[in-house]
1. Which one, B:ALA37, B:ALA69, B:ALA22, has the greatest fluctuation when you compute a Gaussian network model over chain B with C-alpha springs under 10 angstrom?
2. Over the heavy atoms of B:LEU151, what accessible area does a 1.4 Å probe trace out, to the nearest 10 Å²?
3. With a 1.4 Å probe and all protein chains left in place, how much of the accessible area of chain A comes from carbon and sulfur atoms, in whole percent?
4. Who wins for biggest fluctuation among A:ALA245, A:ALA306, A:ALA320 in a Gaussian network model of chain A, springs between alpha carbons below 10 Å?
5. Which whole-number percent is the relative contact order of chain A (Cα, under 8 Å, 6+ apart)?
6. Using a 7 Å offset from the Cα along the Cα-to-Cβ direction at both A:ASP351 and B:SER88, what is the distance between the two label points in nm, to one decimal?
7. If I take R0 = 30 Å and measure r between the Cβ atoms of B:HIS129 and B:SER193 in this structure, what FRET efficiency does the formula 1/(1 + (r/R0)^6) give, to the nearest 0.05?
8. Based on alpha-carbon positions alone, could you give the equivalent ellipsoid semi-axes of region B:254-351 from the gyration tensor, as √(5λ), descending, whole Å?
Amino acid sequence: MVTTTPSGKTSTATARAVRGGEGKPLLSIRDFKVEYRTGGGATVQAVRGVDLDLYPGESLALVGESGCGKTTFGLGLLRLLPRLGHASGKVIFNRGDGTEIDILGLDGRDLREFRWRDAAMVFQGAMNAFNPVLKIRAHMHDTMRAHTKATRQEIEDRAGELLRLVRLEPERVMDCYPHELSGGMRQRVLIAMSLLLEPEVLILDEPTTALDILTQRSIVDVLHEVRERLGFSMIFISHDLSLAAELADRVATMYAGRLVETGGVRDLFYRPRHPYTLGLIKAVPPIVGDLPDLESIPGGPPSLAALPKGCTFNPRCKFATDECREAEPDLLPVTDEPGSAHDVACIHWKDVHLDREVPNQDLGTAS
Amino acid sequence: MSALEKTPETTAESRTPLMTLAGVSQVFDTKAGPIRAVDNIDLSVNPGEVLCLVGESGSGKTTAARMAAGLARPTDGKVEFAGNDIWSMNRSDFGRFRRGVQYVHQDPYASLNPTRTILQTITAPLLKHRVVKGNKAAADKAAELLTKVDLTPPENYLPKFPHQLSGGQRQRVSVARALTLDPKLIIADESTSMLDVSIRISVLAMLGRLRDDLGVGFLFITHDLAIAKYFGWNGKTAVMYLGRIVEFGPTPKIINAPTHPYTRALIDAIPEPDPDLTKTKGRESLRSLEIPSLAHLPSGCSFHPRCPLFEDGLCDGEVPQLVEIRPGQSAACHVVARDGAGEVRPDEPVA
Ligand SMILES: Nc1ncnc2c1ncn2[C@@H]1O[C@H](COP(=O)(O)OP(=O)(O)OP(=O)(O)O)[C@@H](O)[C@H]1O
Ligand SMILES: Nc1ncnc2c1ncn2[C@@H]1O[C@H](COP(=O)(O)OP(=O)(O)OP(=O)(O)O)[C@@H](O)[C@H]1O
Ligand code: SF4
Ligand SMILES: [Mg+2]
Ligand SMILES: [Mg+2]
């Protein structure tokens, strides 16, 4: 059910995930920026020039600490920013039929059609934001009717099919009010709803945060399954690296509004080349094995209103030199292996290696 | 921080547990009828020791912690501090208990008064309980405490208001405030859950130093077993499910060789920060995803409707008691009590 076989051989989804991989990217994002007006004529740039391609069938994880701009990026892509937010740059969506859509130029009808049909988003915390007076059935029908001419029966059938796919019983769930469902059930309803119009791209913002472990597991398994069946591309936003390890073909690390590293999931976890990605990996406690040797990243993310000069990570970085305080490094390839894509924005990437200490066997006997 | 260190508790004192919950229950009256949020649990924490309380949302962790802190009175059972029943103490002993046991909340945003500076937040209890005399001495002590929680140099933080600090810094201030009265036990209720990974580890390391250098005991509550593992490795862990303790033992055994099917399910469900490992990890499916309501607890073992080991007639009969399965490790499961925990799984270091 997963995209990788136990032997570690990668399946088609991963193979497609590489730069210049099979066919055209589904989403092609260039110099993408988002600014927020913060009053008194001031603005902050929360996303500061992101270049990224998303390929058909690919699952991309966007990771990074709180406030680094992950949600802003997702909202900006789907043109869902609050009124004080403004997106710029170029975002091209390739419809299967060969038409290219410039997302930032869409408006009115076209924009509505793009959302849900081409791309849908499950918002951070949205499982707590259902309309409380409408039953799940009404939510499903409203969504479908707003975008299609489907008949009542067609909607019932489609909703039923998707609910079963996310392991819910339609007979039971359709007649429930949101509060009658658990958080995990609501999250699965949302995933089903977001797939009603068969979007090519699904953006999930922290889909399992605030859910219990066993519920998280059910969401993760459901995502593996629906993706396998329906073959959409997915961008999922998470501060949880373990989730990225499990669900992503490719990972992008975000820091202070920019991507500082992108690469295949195995490259990122086993051979991270940006000190920030390295720091995040070293801070996550694994559950199997002996007492892990963890390290924290000193300090916290910078304020967007006063970004450090040069590489924005430099005040927290143990590899930093004077050169790092001069110009912000570009995201550049660190491998020329054919078929592989691993880009890093760090001038000292060659010095960055993940070497986990061999865990101390003695500690295993502590009691 | 060496100048601030104290000698750990003497060995004689470490014999009596700091804190004991004996057969403690908490029943709430709700619209759906009375619910047993905590049902007859036994726990104890020794000086300088960590006891982790883990379990999913609603399992009763906070309710148990509030009883341990004397913030709620148990419906049944006894809460003892240094061997004395806290609810039959005289005023001054109760006051000593309340100072000795400090509760650090989950939410650093909500637990600090937004209108007070950090200096005011920390000096208020110092002056109120006459730990020090005079504003100057209180300010010096506040600076010393901030240093203990790694907020250095303290002058940078003392004049600030909570909203001017990051989440991790605020959580450190909460801990510094808890330290004002020189506690013997800190009850940390999801104290690092809201923090980013990178910051969480440094807060845990700071708490670890209080544990090791000052001999502070911890009742450490978390829903994150990886965090319990990291902070409580040398201590014990109790796993709660719907108000009851279902497994208890040394943390490395609970994590690496769990015996109760619920603990096993929890550990298996956790994704690993390693793409190959997490995708090949064996996982047994539960029979149901639904968590029963406390108002209508399933008969017998309350995990039975979800449990992969369920046996008709056995599991839905009596409530299973905690019994020792392996030395020092006990579980409340009829099948495991009868058959043992089976083979130690191959990926387990034998603990
Ligand atoms: N409406 C807004 N006006 C001004 N600034 C905003 C607004 N929304 C977000 N920001 C700022 O933009 C930055 C990025 O926020 P965003 O919510 O995208 O981060 P995130 O990575 O999703 O964080 P989290 O993990 O906490 O969800 C933050 O510094 C935030 O304070
Ligand atoms: N004052 C109260 N009145 C009624 N029910 C309560 C009260 N406090 C807690 N409960 C219920 O008791 C049960 C245990 O709650 P508790 O807060 O102890 O769980 P928890 O393990 O701390 O969960 P979480 O991980 O979500 O913090 C829940 O079902 C909760 O709804
Ligand atoms: S460029 Fe310099 S400061 Fe930035 S991450 Fe690399 S080493 Fe650290
Ligand atoms: Mg977000
Ligand atoms: Mg709680």
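1. Maximum among the listed residues: B:ALA22.
2. 0 Å²
3. Details: 7960 of 15970 Å².
In chain A, the share of accessible area belonging to carbon and sulfur is 50 percent.
4. A:ALA306
5. On the way: 657 pairs, mean separation 68.8, N = 367.
For chain A, the relative contact order is 19 percent.
6. Each label point is offset 7 Å from its Cα along the Cβ direction, giving 6.7 nm.
7. Details: r = 29 Å, r/R0 = 0.98.
FRET efficiency, B:HIS129 to B:SER193: 0.55.
8. Values: eigenvalues 120, 65, 22 Å².
Output for region B:254-351: semi-axes of 25, 18, 11 Å.
The values are calculated or read from the model by the stated rules, or taken from the named source; none is laboratory data. A quick note: this is a predicted structure, and the numbers were derived from the prediction, not measured. Using ideal geometry, Cβ is built from the backbone for each residue, glycine included, and neighbour counts are taken over all protein chains shown. We work out accessible area using only protein heavy atoms, side chains counted, and drop any ligands, DNA or RNA first. Shrake-Rupley method; radii C 1.70, N 1.55, O 1.52, S 1.80 Å.
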